[in-house]
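Have a look at the structure below before the remarks.
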Amino acid sequence: MVDISDFIEDGGDDGEDGGEAEDLVALKACLRALADAIASTNLAVIAGGQGDAQAATQRVHASVAALKRFHESFQVLDKPEGDEEEAEED
């Protein structure tokens, strides 16, 4: 297992309260959802090859759900820097 704590820049006195931690949690959720989507897709192909259409359909649905989770988690990482400042002003 790789320790990525050395690669996380310390926020210092910039007034950021957990921005890096939120990004790290979102990154972890993205990777987990992407791994689930890949595994579910592989299992769907295997089930389809064995002629089990019902199991293949269930795995495809699981894969789509994992991709939706990936998309939701990625939106946290993909938000522009200006959005945080606007949220603090309101």
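The values are calculated or read from the model by the stated rules, or taken from the named source; none is laboratory data. Values in this document were obtained by computation on a predicted structure and should not be read as measured data. In this analysis, Cβ positions are derived from the backbone assuming ideal geometry, glycine residues included, and neighbour counts consider all displayed protein chains. Only protein heavy atoms, including side chains, enter the accessible area calculation; ligands, DNA and RNA are left aside. Shrake-Rupley method; radii C 1.70, N 1.55, O 1.52, S 1.80 Å.
Within the option set Ser73, Ser63, being touching a Cys at 6+ places or on another chain (Cβ under 9 Å), hydroxyl-bearing (Ser, Thr, Tyr) and open to solvent by less than 70 Å² (accessible area, probe 1.4 Å) holds for one residue only, Ser73.
Applying the criterion of at least 2 residues that are at pLDDT below 80 to the helices (runs of 4 or more DSSP H) found wholly in the chain leaves 19-49, 82-89.
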